[in-house]
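Trainee: I am attaching a structure below and will ask some questions about it afterwards.
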Amino acid sequence: MNNRPNVLFILTDDQRYDTIHALGNSHIQTPSLDALCEDGTAFTNAHIPGGTVPAVCMPSRAMIHTGRGLFSLSENGKTIPSDHALMCETFRQNGYITYGVGKWHNGTDSYARSFSDGDEIFFGGMWDHWNVPTYEFRKDGKYDRLNNACIGQYFSNKTTYTRATHINMGVHSTDLFTDKALDWLKNYDSDEPFFMYVSYLAPHDPRTMPEPFASMYDPDKMPLECFAGEHFRYGIEDVRDEIIEAYPRKADAVKRHIADYFGMISHIDSRVGDLIRLLKEKGLYDNTIIVFTSDNGLAVGRHGLMGKQSCYEHGIRIPLIMTGPGIPKGMRDDGYHYLYDLFPTLCSLCSIEIPDTVEGIDFSGVFSNSGYEQRREIYAAFGDKVRAIKDERFKLIEYRFQKVAVTQLFDLKNDPLETCNLADNPEYADHRERLTNRLIENGKKAEERNHKAGKIFWSRYFKDPDFVEPEVVSWMVTMYKPDK
């Protein structure tokens, strides 16, 4: 008889921290996630440390899988070395049946190491939700079939490769992945515990979804917060996320994006409800740890931005809910946590030894009020252009790109949407100096000078005399670079 808890790890794509009704967003409908909040603990200050490439989800997911920090990854998370322990691999080695369905953005080898079963695997970053190219699970771990694909057919004839064997035409990605997970759960009948990893493509654009979710939200009733027509330029203006809406941003257009964004999240919420109902029907719910989170946030019009290539709160904060044995019900925790802290925390909750390669902090002590190491600050980065540091109240952001050198200082207690820059206010000079010192110290601690993006940023920041600005490379070049 299995007494060890099962794990259901649900990961969405591009879901901002403030998109759950029970946690304060009255404009969105998320009854299933609301129920999880009531039945478990919601972490209101969960963060990612940013990303080193425009596809922030790639390093973010690698951090989740490895429990390692942003500048401790290989190839920005594109691949994961064999000597870096993986979360699902670790559970698999400790007697868990591991099942992975949906998006996997970190190479085929790491997927094969992680899972003993799976289905409908999407090896990539984003796609048309209605026609996702996927691979069936292979016991030999070989996912080597490559297919030509043109994913920018309306504005480019360049081709790339996709690893897949088939397409379920006309089936939305959220339904495709959920239905396969449900099928597996229906047939689960083992004395061994399971670790199920359900990884969605939504609510990443293109923001399309089936009815009733497609028309669930009236754009005219959508909230506009810290809206701006444009952001000052810092080198991300032609990143794919930003060009999905014209400059300057128009309020009506952004409201349409928000309505679609909320619709996709409500669609996910509905299917999460199906997973929860099945767990209860099979008598598995009470002995299953459920983790619900996302790989990064999204601006969707805030500060004149559309994507996640920033260090504003809307980019680096994500939802995080945990329920299950040993996790208090109805609890809210506002402590600082990184997503890569989940790996060691889940190990602790399941009585599994934490691998030596893991850098995250086990925060399971928060559930029992026992002593544990509490993060007092959050350090974040975007590529070679932005660095940020925040303590329990103030946040400093530094931008460096070509001739751009901008400093922002925000009082998050009185200005949570980051609209009033205090950097040049003499009354806050001490806070700016203190956080500047912490920013530099964190950059040194992470050994960023050994990373291409870190070396460029800090060379700009300190105005190194031998530094030469690199040639700007379009996102199109990196997106269509064949990956064999």
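Every read-out reported here was derived from the displayed coordinates using simple, explicitly stated rules and does not represent laboratory data. Model, not experiment: these values are computed from the prediction. Positions of Cβ are generated from backbone atoms using ideal geometry, with glycine treated the same way; all protein chains shown enter the neighbour counts.
Trainee: Considering the zone a paramagnetic label at D140 would reach in this model (a point 7 Å from Cα along the Cα-to-Cβ line), which residues of the stretch 92-119 have amide N under 20 Å from it?
Mentor: 108-119, by backbone N distance to the label point.
Trainee: I would also like to ask the following. For the chain, what is the charge dipole size about the Cα centre, in debye to the nearest 20, if Lys and Arg each add +1 at the Cβ and Asp and Glu each add -1 at the Cβ?
Mentor: Dipole size: approximately 780 debye.
Trainee: Once amide H atoms are placed 1.01 Å from N in the peptide plane, what residues at a sequence separation of 5 or more from F401, or on another chain, have their amide H within under 5 Å of its amide H?
Mentor: Amide H neighbours of F401, under 5 Å, 5+ apart: none.
Trainee: Another question, if that's okay. Cα axis of helix 173-187 to longest principal axis of the chain: angle in degrees, 0 to 90, nearest 10?
Mentor: So the helix axis and the longest Cα principal axis differ by about 30 degrees.
Trainee: To the nearest whole percent, what portion of all C-alpha pairs in the stretch 121-254 is separated by more than 20 angstrom?
Mentor: Everything past 20 Å amounts to 63 percent.
Trainee: Hey, for a label at R393 modelled as a point 7 Å past Cα toward Cβ, could you say which residues of the stretch 436-460 have their backbone N under 20 Å away?
Mentor: In the stretch 436-460, the label zone of R393 (backbone N under 20 Å from the point 7 Å along Cα→Cβ) covers 436-439.
Trainee: Between N425 and N450, what's the calculated FRET efficiency when r is the beta-carbon distance and R0 is 60 Å? Round to 0.05.
Mentor: E(calc), rounded to 0.05, equals 0.95.
Trainee: Within the stretch 222-251, list the chymotrypsin sites (Phe, Trp or Tyr not before Pro) lying in a DSSP loop whose Cβ has at most 12 other Cβ atoms in a 10 Å radius.
Mentor: Answer in residue order: F232.
Trainee: Then there is this: What does the C-alpha gyration tensor say about the overall shape of the stretch 378-468? Classify as rounded when a/c is under 1.5, otherwise prolate if a/b is larger than b/c, or oblate.
Mentor: Prolate.
Trainee: If you take the beta carbon distance between K280 and K413 as r and set R0 to 41 Å, what does 1/(1 + (r/R0)^6) give as a FRET efficiency, to the nearest 0.05?
Mentor: Taking R0 as 41 Å, the efficiency between K280 and K413 is 0.55.
Trainee: Counting other Cβ atoms within 10 Å of each Cβ, which trypsin sites (Lys or Arg not before Pro) in the stretch 1-95 have at most 10 and sit in a DSSP loop?
Mentor: Filter output for the stretch 1-95: empty list.
Trainee: Net charge around H129, counting only other residues with Cβ within less than 12 Å of its Cβ (Lys, Arg = +1; Asp, Glu = -1)?
Mentor: -3
Trainee: Once you place label points 7 Å from the Cα toward the Cβ at R332 and V404, how far apart are they in nm?
Mentor: Roughly 3.5 nm, to one decimal.
Trainee: To test your reading of the geometry: what angle, between 0 and 90 degrees and rounded to tens, separates the Cα axis of helix 251-281 from the longest principal axis of the chain?
Mentor: Relative to the chain, helix 251-281 is tipped by roughly 30 degrees.
Trainee: Could you pull out the pairs from K142/K280; K78/K282; K139/K444; K103/K385 whose alpha carbons sit more than 32 Å apart here?
Mentor: Checking Cα-Cα distances, K142/K280; K78/K282; K139/K444 exceed 32 Å.
Trainee: Now for a separate question. What does the extension gain come out to for H27 and D191, with contour length at 0.36 nm per residue minus their alpha carbon separation?
Mentor: Residue separation times 0.36 nm, minus the Cα-Cα distance, leaves 54.7 nm.
Trainee: Then there is this: Going by how many other beta carbons lie within 10 Å of each one, how would you line up M209, M264, M331, fewest first?
Mentor: By the 10 Å Cβ count, ascending, the order reads M331, M209, M264.
Trainee: Please report, in whole Å³, the volume per residue of the convex hull around the C-alpha atoms of the chain.
Mentor: 147 Å³
Trainee: Once you have the Cα-Cα distance between E433 and N147, take 0.36 nm times their residue separation minus that, and quote the gain in nm to one decimal.
Mentor: So the extension gain works out to 97.7 nm.
Trainee: Ignoring everything except DSSP H segments at least 4 long, calculate the 222 nm mean residue ellipticity for the chain; use -39,500 (n - 2.57) per segment, divide by total residues, nearest 500.
Mentor: After summing the helix terms and dividing by residue count, I get -7500 deg cm²/dmol.
Trainee: Right, something else. By count of other Cβ within 10 Å, fewest leading, how are Y143, Y461 ordered?
Mentor: By the 10 Å Cβ count, ascending, the order reads Y461, Y143.
Trainee: Compute the long axis of helix 429-445 from its Cα atoms, compare it with the longest principal axis of the Cα atoms of the chain, and write down the angle in degrees, 0 to 90, nearest 10.
Mentor: It works out to around 50 degrees.
Trainee: I need the calculated FRET efficiency for the pair E441 and F232, taking r as the beta carbon distance and R₀ as 25 Å, to the nearest 0.05.
Mentor: So, using R0 = 25 Å, E works out to roughly 0.40.
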